[in-house]
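In what follows, a single structure is set out as structure tokens and then discussed.
The values are calculated or read from the model by the stated rules, or taken from the named source; none is laboratory data. Bear in mind that the values here come from a model prediction, so they are computed numbers and not experimental data. Every residue, glycine as well, gets a Cβ built from its backbone with ideal geometry; the counts of neighbours run over all protein chains shown. The area values use the complete protein model at the heavy-atom level, side chains included, leaving out ligands, DNA and RNA. Shrake-Rupley method; radii C 1.70, N 1.55, O 1.52, S 1.80 Å.
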Amino acid sequence: MTDAADEHRITVTVNGEPHAVEVEPRLLLVHLLREGLRLTGTHIGCDTTNCGACTVLYDGTPVKSCTMLAVQADGHEITTVEGLGSLSELDPVQEGFTIEHGLQCGFCTPGMMLTAKALITNNPNPSEEDVRWGLSGNLCRCTGYQNIVKAVLWAAAKQHGHVAETNGQGTTVSGRT
Amino acid sequence: MSQALDEVKIGGLGSSRQRVEDARFIRGRGNYIDDLKLPGMLHMEILRSPLAHARIISIDTSAAWAIPGVRLVLTGEMAAQRNLAWMPTLSYDTQAVLATDKVRFQGQEVACVVADDPYIAKDACEAIVVEYEPLPVIVNPIQSLAPDAPLIRDDKEGQTDNVCYRWEVGDKQGTDRAFAQADHISRLKLHYPRSHPSPIECCGSVADYNAATGKLTVYMTTQAPHIIRAAVALVAELPEHMIRIVSPDLGGGFGNKVPVYPGYVCSILGSILTGKPVKWIEDNFGNLISTGFGRDMYLDSELALRKDGKILAVRFHADTDQGAFFSDAQPSKFKIGLVHSAFACYDIPVGHITARGAYTNKAPGGVAYRCSFRVTEAMFFQERMIQAAAADLGMDQAQFRRINLRRADDFPARTPFGFLVDSGQYHKCLQLGLDAIGYEDFKREQAQARSRGRRLGIGISTMTEPLGAGNSREYDILGIKMFDSAELRVHPTGKAILRTGAKTQGQGHETTWAQIVSHELGIPADDVIVEEGDTDTAPFGMGTYASRSTPVAGAAVSMVARKVRAKARKLAAHLLEVSEEDIEWELGRFYVRGAARRGVTIQECAMAAYTNMPDGMEPGLENNAYYDPPNLTWPFACYIATVEVDPETGVWDVLRVVAVDDCGVRINPMIVEGQIMGGLAEAYAMANMQFMTYDADGNMIGANYIDYLLPTAWETPGFELHEVVTPCPHHPIGAKGVGECAAVGGPAAFVNAVMNALEDTGVRNIDMPVLPDRVWQAIQTGRDVSGVPPVRQD
Ligand code: FES
Ligand code: FES
């Protein structure tokens, strides 16, 4: 390890809980979350800002935590998948993903859900096109996206209190073109 | 009479039950390999070769050893001392674990470092100094198979050229005769580019060798844990009962997580040498540059045609770029996998195929990337050839298919290459697809648009493919037959645990296997927990790939549940005090024939198995089943895409995609549709953007997601799904494989659509991916565009 003198003391609020930690300057935010705080729901896919598996909310904005240093989070609020809903009460986005079968292997899912959360917070009435564009920083190799789009639209509807009855039966989402 | 159970309500067959897996995944509580942390665990990183072909002159590791926190620096020489510098591949070749003599592809493993944390291990890798002497580089089979090509595998005794195998099948003379009588011969040459399965989670392992007990536990990203255990026993010469392989939640696999990779072996060796658990987490660059790729095949084919459209014969030759080591992860007895399943859905009397594999200076490890061992190449090729032949004859592409597709009463039928196709309603599927897309209307619209200078196109792809290896006669891995297994224990209160030899990677086995138990026993699916992936507890199985889980492991689940039901029937007879012959079964309940009100539930039988069994009966209610399928399963699919090509830029947009899938009986329709949509997206990706290529020096272009393009939600089109159900005649519940159909059959629908839009230009082929510049070039020149990697000219 590098000398303690090289370490920085930072304070980060993660999922509402403040943490004071000593970190190496080069430590990535994703490693602070996963290794330092053992919040392993944030995944590492590509390491290069392309896949979005590591997406977390940084003061409410989705960021790719594989390309941020932990020190940049000093004094900021981070939300990870563990802070999205609680064990007993799911966030509408989480509900939407399971109801619309928006996940298969689940590896992209935390990042997708956090991006989706920010999306429907900023735009409570997204069109299908808005959702497809809004999720275009996150890759999924399993689902073909169609059910992810439906999941996000479901969550947006749920936020308004009207829930679509679809449950994987229809194929109403038609795609970009 | 008691109320009969509603099968869909209890989560049985046909229920779109929500997935059990989701509960942990949506809360960020999955358990993927990188989430595992063992006490005292060290971290490993791999140093890779920057050159594609070079002799290693020297490796100096002293600076790496000097970095505080470094515990081990491992080179090929050290591995060789333990006889582990090379390992056997699943295709009976050898592969270097850590290079000793020379490097044979860019990204090859040269050394590795084990350290206290991954940052230190990475620093230490950079401190290793390797001196190389560059050698001439070969990046495609054309170069590789030329006389006087430099020898890549000089490590192999008796190897004098770069041919890694030759293979042929079919009737050459009969085929030649048929060609001699043809009215017309259509020919097409294609390259199916190299691609990578690229699951978002890369590979990794945590090896934990306990020197006190001699037991080795390896947590690793594998689709086939039992095969790995057998391979480790053979490679590391450890006793098999002292090896435990655990495959945790997998972040996708798509074939990429079948092979044994050097990283796994090094982490095991690292743990043995340091006495600590060693974790290796591959980065995305390492995954793309070194692990199992898909495709990379060169095809040259001819169809012999009668002028009325009947296909008289087919012949083709396939050269495959195998990379530096022949490590195809495929279990068939056929060198080139199931490429000879091509044209199985068409009634063609005779055919002949020849094939060669070539060593090149590229990454090794052809895997069945979301397919059954080169079936993707076969079906792409077939459907491109069909469209070209229809165009050559000036015949409508749907009508040409109608003339040649097998009819519903043709089954069972033997293909000219020896497969037995057993069921299907091909014409019905095709018609459903044509109706859904509005075929005739589209053709009118297309003609009108053309007169206004717009280029619309429609592409069809129809195919049946063999899914679900084995049977054990023709399919094995390392000699182990391709069966699969299930073990079911019903507890006293009627709840149950099921374990299988398969391994889910997102397909939802935890959900669907319980549904099969529910279907067979009437136990609600919610009362059945499913476990896979731990070789200490799961029965021996061959793992999950090539859409084999439902055809094989799923069948085993049915069979074990039936065994359990047979014992429960004896318990029911005992409880009802009648002889077994007088017992009838309805879902979840036995009753006395002629007295339906007198009955006992399966749960009551379970309790009796532990509390009130008849004299002489062994207590308990559990069993296992090993299932050796009599044949492969043969799903059929019809995919149709419409596109608009912009002649100014070469960009093409997808207008609509219609998919008709007949995968037999659907266990969980929601999950089946999810699989189909995932496959369609990959099909679109391959047709439109996704490929990895190499420059003339063997530098891989595509070892990151900037160069290796994967479609996002924005580019990916929407899909319209339809179904036809022809039950599989030999599967216990009539199911067929489905996970890969769309990825296999889909690409040709997109490419055929683009080619259809260019039909009047005289262009017959643009190699995938059909990139805008290739389309533009084709329109400008009126010539075919090849995607073969460049060859150095100096
Ligand atoms: S891991 Fe951060 S974007 Fe892929
Ligand atoms: S669910 Fe597997 S990558 Fe998205």
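Within the span defined as region B:336-355, every residue fails to be at pLDDT below 95, open to solvent by 10 Å² or more (accessible area, probe 1.4 Å) and under 25 Å from B:Ala149 (Cβ atoms). Scanning region A:116-148 for residues that are surrounded by 23 or more Cβ atoms within 10 Å (Cβ to Cβ) and more than 10 Å from ligand 2 (Cβ to nearest atom) yields a total of 7. Scanning region B:195-209 for residues that are of a type in the set (Asp, Glu) and within 11 Å of chain A (Cβ to nearest Cβ) turns up just one, B:Glu201. Taking region A:11-26 as the range and being away from chain B (no Cβ under 11 Å) and assigned to a loop (DSSP other than H, G, I, E, B) as the test, the residues that pass are A:Gly16, A:Pro25. Residue count for region B:19-43 satisfying the condition of being at the interface with another protein chain (Cβ under 8 Å from one of its Cβ atoms), over 30 Å from B:Thr274 (Cβ atoms) and in contact with a helix residue (DSSP H, G or I) (Cβ under 6 Å, 6 or more places away or on another chain): 6.
Looking at region B:738-760, is at least one residue open to solvent by less than 10 Å² (accessible area, probe 1.4 Å) and in contact with a His (Cβ under 8 Å, 6 or more places away or on another chain)? Within region B:738-760 (the criterion being open to solvent by less than 10 Å² (accessible area, probe 1.4 Å) and in contact with a His (Cβ under 8 Å, 6 or more places away or on another chain)), the answer is no, since none of the residues qualifies.
Reported count of residues in region A:41-61, each being open to solvent by 20 Å² or more (accessible area, probe 1.4 Å) and either among the polar types (S, T, N, Q) or within 16 Å of ligand 2 (Cβ to nearest atom) (or both), is 6. The residue of region B:723-735 that is nearest to the other protein chains (Cβ to nearest Cβ), among those that are surrounded by fewer than 17 Cβ atoms within 10 Å (Cβ to Cβ) and closer than 30 Å to B:Val643 by Cα, is B:Glu723. Select from region B:289-312 the residues that are among the aromatic types (Phe, Trp, Tyr) and open to solvent by less than 10 Å² (accessible area, probe 1.4 Å) and list them in ascending order. Correct list: B:Phe293 only.
From the set of residues in region B:171-188 that are surrounded by fewer than 16 Cβ atoms within 10 Å (Cβ to Cβ) and acidic (Asp, Glu), which is farthest from the other protein chains (Cβ to nearest Cβ)? Per the stated criteria, the residue is B:Asp176. Looking across B:His241, B:His191, one residue alone is over 20 Å from B:Met44 (Cβ atoms) and either open to solvent by less than 10 Å² (accessible area, probe 1.4 Å) or in contact (Cβ under 8 Å) with a residue 12 or more places away in the chain (or both). It is B:His191.
Looking at B:Ile348, B:Ile386, just one residue is out of contact with any strand residue (DSSP E or B) (no Cβ under 6 Å at 6 or more places or on another chain), more than 30 Å from B:Ala696 (Cα to Cα) and not charged (D, E, K, R), and that residue is B:Ile386. When B:Asp101, B:Asp148 are screened for being under 23 Å from B:Gly263 (Cβ atoms) and open to solvent by 10 Å² or more (accessible area, probe 1.4 Å), only B:Asp101 passes.
Can you confirm whether B:Thr504 is touching a Ser or Thr at 6+ places or on another chain (Cβ under 9 Å), of a type outside the set (D, E, K, R) and modelled with pLDDT of 95 or more? Spelling it out, it is not the case that B:Thr504 is touching a Ser or Thr at 6+ places or on another chain (Cβ under 9 Å), of a type outside the set (D, E, K, R) and modelled with pLDDT of 95 or more.
Considering only residues in region B:197-238 that are of a type in the set (Ser, Thr, Tyr) and crowded, with 24+ Cβ neighbours inside 10 Å, the one that is nearest to B:Trp280 (Cα to Cα) turns out to be B:Ser205. When region A:70-87 is filtered for residues that are open to solvent by 30 Å² or more (accessible area, probe 1.4 Å), within 10 Å of chain B (Cβ to nearest Cβ) and hydrophobic (A, V, I, L, M, F, W, C), only A:Leu87 remains. Considering region B:688-705, the residues that are crowded, with 22+ Cβ neighbours inside 10 Å and away from every other protein chain (no Cβ under 14 Å) include one that is farthest from ligand 1 (Cβ to nearest atom), namely B:Gly698.
The residue of region A:88-115 that is farthest from the other protein chains (Cβ to nearest Cβ), among those that are within 16 Å of ligand 1 (Cβ to nearest atom) and touching a Phe, Trp or Tyr at 6+ places or on another chain (Cβ under 9 Å), is A:Met112.
Of all residues in region B:625-653, those that are open to solvent by less than 10 Å² (accessible area, probe 1.4 Å) and in contact with a helix residue (DSSP H, G or I) (Cβ under 8 Å, 6 or more places away or on another chain) total 15. Say whether the condition of being among the polar types (S, T, N, Q) and part of a loop (DSSP other than H, G, I, E, B) is met by at least one residue in region B:346-367. The answer is yes; a qualifying residue exists.
Would it be correct to say that B:Ile289 is touching a Phe, Trp or Tyr at 6+ places or on another chain (Cβ under 9 Å) and more than 14 Å from chain A (Cβ to nearest Cβ)? No. Taking the criterion of being open to solvent by 30 Å² or more (accessible area, probe 1.4 Å), touching a strand residue (DSSP E or B) at 6+ places or on another chain (Cβ under 7 Å) and not basic (Lys, Arg), the residues of region B:244-285 that qualify are B:Val260, B:Ile272, B:Leu273, B:Thr274, B:Ile281. On the stretch given as region A:27-56, residues that are more than 10 Å from every other protein chain (Cβ to nearest Cβ) and either near ligand 1 (Cβ under 7 Å from one of its atoms) or under 17 Å from A:Phe107 (Cα atoms) (or both) total 5. For residues in region A:116-136 being among the acidic types (Asp, Glu) and touching a Leu at 6+ places or on another chain (Cβ under 9 Å), which is nearest to ligand 1 (Cβ to nearest atom)? My answer is A:Asp130.
If you filter region B:546-595 down to residues that are within 18 Å of B:Leu467 (Cα to Cα) and in contact with a Cys (Cβ under 8 Å, 6 or more places away or on another chain), you find that the one that is surrounded by the fewest Cβ atoms within 10 Å (Cβ to Cβ) is B:Pro551.
Residues of region A:64-80 include none that is away from ligand 2 (no atom under 16 Å from the Cβ), modelled with pLDDT of 95 or more and among the basic types (Lys, Arg). Residues that are closer than 30 Å to B:Thr376 by Cα number at least 1 in the following strands (runs of 3 or more DSSP E) confined to region B:535-633: B:622-627.
Counting only helices (runs of 4 or more DSSP H) that fall entirely inside region B:395-496 and contain at least 3 residues that are under 30 Å from B:Lys563 (Cβ atoms) and touching an Asp or Glu at 6+ places or on another chain (Cβ under 9 Å), no element qualifies.
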